[in-house]
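The values are calculated or read from the model by the stated rules, or taken from the named source; none is laboratory data. The shown structure was predicted, so the numbers you read here are calculated from the model rather than taken from an experiment. As a convention, Cβ positions derive from the backbone with ideal geometry for all residues, glycine included, and neighbour counts pool all protein chains shown.
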Amino acid sequence: MRRVVALVPIWWVVASIVFVLVRLVPGDPVLLIAGTDASAEQVREIRSSLGLDLPVHEQYVRWFGRLLRGDMGRSLFSREPVARDLLDRVPVSLQLALSATFVSVLIAIPAGVLAAARRNALSEAAFAAVTMTGICVPSFVMGLLLMLLLSVYAGLFPIRGYEPLSQGVIPWARYMALPAVAYGLIQAAGVARMTRSTLLEVLGEDFIRTARAKGLAGWVVLYKHALRNALIPVVTLIGLNVGVLFTGAVVIETLFGLPGLGAFLVTGILKRDYPIVQGAILFISTFLVLVNLGVDLLYRGIDPRLRRA
Amino acid sequence: MAMTPAIRRVAWLSLACLCAFPPVAWGQDAPRRGGEIRVATYGDPSTLDPHVTTDVPAIRVRNQICETLITWDAETKESPMLADSWESSADGTVWTFKLRRGVKFHGGQPLRAADVKYSFERILKVSPRKTDYSMIKEIRTPDDSTVQFVLSARSNAFFPALAMYWTQIVEASSTEKQVRETGGVATPNCTGPFKVAEYRRGQWLKFVRHEGYVPRPEKSSAMAGARVAYADGIIFTFIQDANVRLLSLQQGEVHYIESVLPEQVEQLRKLGGIDVVAIPSTQWTAIYFNFTKGWGQKKEFRQAMALALNYEDLNRAVFYGTGKANNSMIPESQAIWRTREHARMHPYDLEKAKVLLKQIGYNGEPIDMPIPKETVTDLYGQAMQAQLAKAGINLKISYMDQAAQIDLIYSRRRNQPPPWDLGFLARSAFRPDPDQHYYTRAHTSAHVGMYSNPVYDKLVEEARKEPAFEKRKALYAQAQTMIMDEIPLIVIGNSPHIEAYSKKLRGVEVRDPHFDYFWNVWIAQ
């Protein structure tokens, strides 16, 4: 509860910083709305109708007052409520982030464990090559490759688009599979490397030697004693990844035509659509704080010592 | 000439064969009702509200569902649409429009003069272009099918401005209800041949045929004349990535893709079952000179720049030759305003450019040009840099995003002098009247680099007031001559408009980013 209450000042600070930052960035939304042939009078009229001619502190007080009443304002371009757009787009980004995380965990943890448990020159080289490829390949290349192979040539999936879950799990999964795999594979590389290195570290600890000396089976030592201790940094990384996946999927969202938050925010930034940028960043920062809270709670589940602490 | 019996026999035999085995195309080319045309567009419209936005993705989709009082034919001449006829008073301050009878809105309501009045009153309140209509003093509705615009003074800008997309007419009461309840217009109740069925923002937009639509009796000509909705509907899917749009067309997921990249044209032409059309658009690219500081103040420098650029080569380097080298603000497609002066080009003369630069003592000092970081503008920047270097001009390019670049170029709108040497305008918008180019781009009150020439100002001010078309045309030809001689800006050329579509689509006419339409288009079997 204390952690949740602590969100309030974080919100306020983030909201205020974002409000100031978007106005400090060069670029004027009014000129974009007016067009390059607009007269000075037209520019003045638009600025005034949007309330952007007021002093910044007045704009801030108005905006913050509305925010406290739950009103995030309207887009300067579409005049649509920002909150409604966010509500439309957040579930899509969340679904992509969670699906990609699921894919990455499904691949990365077994791969990392396997690489740590069966160490030889060939497997190490293969592991390094595969994971480095995963880290180095940009997401749009991975996305385009999957699209070409599985959609264009094999015809297994639609090229792009999105169906909400309300239309059924199978239609949803058909559209979500390729972006989730493209995004998940790239994240999997980092998680697999982290799993392998932390697991190797733990496998060299005294308590593992003790466990082996006790005559425990190899898999019990590996999964029950070593992996559980090695998971804390891995979970941290996965938690961070969820945040990044949630907010940073611009390329994948654009490529696969997913109406998510990343593409929405980037369009808002490029157009200097202040209410959209402010609303989206406020939402994202809240989400990230909540993910961190979730990760902290997970630590306690994984490592009982933290519960006592 | 009399036919010999042998020739007559062959002719009859040929006719009999044609009747027995008609060419397949005969059956396919007949317009056919049914099916949904699937279109991949590059951008989600910011809104469907006709009065609050001027962005091209919104215009392209909205043109299918909403109509204006007048519109443009294939020669960009104003033609009837919702208004059947019009007349202006002798002093040009009262314009009377007779509305077409039998027009129904998507909601079933008949078009009345009150709807036109409401639409224009709303435009004057909320449109970003409302000052374009500030000459309207009063709107009268003497009866249900007559609208009178009373202007504060004669204005040549008034009539063509009625064809602009942001003056589309909406039904008054349902629109007012939407505005009251939601603060905007999500589903415009217009009169066009298609109407909104469903919209998933950021994904797709579905239109269906407006069954109550009665096409105009005139033959179709661009936006004017008969609009027949052969397709049951149109589905616009928003695909930002040009490669994915192409893949979608190849896979048959869509029938039509817009904004094909110039480098994709050859690849598409090799594919079977696809037509690709690449034509110069009405949008032009230009560079402005700064008249408050630096080398741009010297006429010889501006002349040297104009001579050192090879416009044909720029078109080849940036658009693979699919655009059009053009030094005029009026594109070839707006033929009614073009004169010989508009066809004149700056010659490519490197030696003369070098002499002029030497005369003014220019020694390779850096010339700063901020440009937006986009593929096309980047290519432009690099190609110009290479060409100007041959004359000894040291072009320094600074990259930024579009919003920051526009902010910098239009600094005079914040009452600040331009900080750059060359102001790069990536693309102009389509404007039907030359006043919207020659006045709004180069008049003392408007030139972004603070060019000021009383002779030029007088010319475009006179053209703005002159009622006779031919005299105006002559005045704009003179203005073009002055632009070519004085060089306050250099228009480089027109970017291409490239669209591709399945051969199954018939009746497609690719015209301009602002004019594409899917009425009179059908899907062959």
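Observations
- Test result for B:Ala186, within 25 Å of B:Asp55 (Cβ to Cβ), small (Gly, Ala, Ser), surrounded by fewer than 21 Cβ atoms within 10 Å (Cβ to Cβ) and in contact with a strand residue (DSSP E or B) (Cβ under 6 Å, 6 or more places away or on another chain): no
- Number of the condition not met by B:Glu470 [criteria: (1) surrounded by fewer than 21 Cβ atoms within 10 Å (Cβ to Cβ); (2) touching a residue at least 12 places away in the same chain (Cβ under 8 Å); (3) assigned to a helix (DSSP H, G or I)]: (2)
- Residues located in the range B:188-211, provided they are out of contact with any Pro (no Cβ under 8 Å at 6 or more places or on another chain), more than 14 Å from every other protein chain (Cβ to nearest Cβ) and of a type outside the set (Asp, Glu): B:Asn189, B:Thr191, B:Gly192, B:Phe194, B:Lys195, B:Ala197, B:Phe207, B:Val208
- Summed over the range B:158-172, residues that are of a type outside the set (A, V, I, L, M, F, W, C) and either closer than 13 Å to B:Pro432 by Cβ or within 13 Å of another protein chain (Cβ to nearest Cβ) (or both) total 3.
- B:Arg431 fulfils the conditions (1) within 14 Å of chain A (Cβ to nearest Cβ); (2) under 22 Å from the mean Cα position of the chain (by Cα); (3) closer than 25 Å to B:Arg302 by Cα; (4) of a type outside the set (Asp, Glu) except for a single criterion, (3).
- For beta carbons closer than 6 Å, sequence separation of 6+ or different chains, a first residue in the range B:412-425 that is touching a residue at least 60 places away in the same chain (Cβ under 8 Å) and farther than 15 Å from B:Gln402 by Cα and a second that is among the hydroxyl-bearing types (Ser, Thr, Tyr) and surrounded by fewer than 23 Cβ atoms within 10 Å (Cβ to Cβ), the qualifying pairs are B:Pro417/B:Thr292; B:Pro418/B:Ser411.
- Those residues of the range B:206-227 which are polar (S, T, N, Q) and not in a loop (DSSP other than H, G, I, E, B), in sequence order: B:Ser221
- Residue match in the range B:71-79 (condition: more than 30 Å from B:Leu205 (Cα to Cα) and at pLDDT 95 or above): no
- Yes/no for A:Gly239 being loosely packed, with under 15 Cβ neighbours inside 10 Å, more than 14 Å from chain B (Cβ to nearest Cβ) and closer than 30 Å to A:Arg174 by Cα: no
- Answer from A:Leu185, A:Leu199 - the residue that is among the hydrophobic types (A, V, I, L, M, F, W, C) and under 30 Å from A:Gly143 (Cα atoms): A:Leu185
- Test: residue in the range A:154-167 that is within 13 Å of chain B (Cβ to nearest Cβ), over 22 Å from B:Ser248 (Cα atoms) and in a helix (DSSP H, G or I): yes
Results for (1) modelled with pLDDT of 95 or more; (2) farther than 20 Å from B:Val103 by Cα; (3) not in a helix (DSSP H, G or I), shown as yes or no for each residue.
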residue	(1), (2), (3)
B:Glu121	yes, yes, no
B:Pro142	yes, no, yes
B:Gln148	yes, no, yes
B:Asn156	no, yes, yes
B:Ser174	yes, no, no
B:Val185	no, yes, yes
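- Leading residue by the ranking (farthest from the other protein chains (Cβ to nearest Cβ)) among those in the range B:228-252 that are of a type in the set (Phe, Trp, Tyr) and under 25 Å from A:Val266 (Cβ atoms): B:Phe236
- Among the residues of the range A:235-290, those that are charged (D, E, K, R) and either assigned to a helix (DSSP H, G or I) or without any contact (Cβ under 8 Å) to a residue 12 or more places away in the chain (or both) comprise A:Glu253, A:Lys271.
- Check on A:Gly112, away from chain B (no Cβ under 14 Å), crowded, with 21+ Cβ neighbours inside 10 Å and on the phi < 0 side of the Ramachandran plot: yes
- If you filter the range B:125-157 down to residues that are surrounded by fewer than 17 Cβ atoms within 10 Å (Cβ to Cβ) and of a type in the set (Asp, Glu), you find that the one that is farthest from the other protein chains (Cβ to nearest Cβ) is B:Asp143.
- Selection within the range B:237-256 - within 21 Å of the chain's Cα centre (by Cα) and modelled with pLDDT of 95 or more: B:Tyr256
- Positions within the range B:228-256 being charged (D, E, K, R) and either over 16 Å from B:Asp516 (Cβ atoms) or in a strand (DSSP E or B) (or both), in sequence order: B:Asp232, B:Asp241, B:Glu253
- Cβ pairs under 6 Å, 6+ apart, first in the range B:64-89 and without any contact (Cβ under 8 Å) to a residue 40 or more places away in the chain, second outside any loop (DSSP other than H, G, I, E, B) and of a type in the set (Ser, Thr, Tyr): B:Glu87/B:Thr96
- Test set (1) within 14 Å of chain A (Cβ to nearest Cβ); (2) outside any helix (DSSP H, G or I); (3) out of contact with any Leu (no Cβ under 9 Å at 6 or more places or on another chain); (4) hydrophobic (A, V, I, L, M, F, W, C) - B:Ala404 fails condition number: (2)
- Residue count for the range A:2-45 satisfying the condition of being more than 14 Å from chain B (Cβ to nearest Cβ) and either at positive phi or touching a Gly at 6+ places or on another chain (Cβ under 6 Å) (or both): 0.
- Restricted to helices (runs of 4 or more DSSP H) entirely inside the range B:301-379, those with at least 2 residues that are touching a Phe, Trp or Tyr at 6+ places or on another chain (Cβ under 8 Å) are B:311-319, B:350-359.
- Only listed residue being within 27 Å of the chain's Cα centre (by Cα) and within 14 Å of chain A (Cβ to nearest Cβ), chosen from B:Val179, B:Val185, B:Val214: B:Val185
- If you filter the range A:59-81 down to residues that are out of contact with any strand residue (DSSP E or B) (no Cβ under 9 Å at 6 or more places or on another chain) and either within 11 Å of chain B (Cβ to nearest Cβ) or of a type in the set (A, V, I, L, M) (or both), you find that the one that is nearest to A:Val22 (Cα to Cα) is A:Leu76.
- Whichever residue in the range A:21-51 is closer than 20 Å to A:Asp85 by Cβ and in contact (Cβ under 8 Å) with a residue 40 or more places away in the chain and, among such residues, is surrounded by the most Cβ atoms within 10 Å (Cβ to Cβ): A:Ile33
- Residue in the range B:441-450 that is under 30 Å from B:Thr53 (Cα atoms) and under 17 Å from the mean Cα position of the chain (by Cα) present: yes
- All conditions but one from (1) free of Cβ contacts under 8 Å to residues at least 12 places away in the same chain; (2) touching a strand residue (DSSP E or B) at 6+ places or on another chain (Cβ under 6 Å); (3) of a type in the set (Phe, Trp, Tyr) apply to B:Tyr501; the one that does not is (1).
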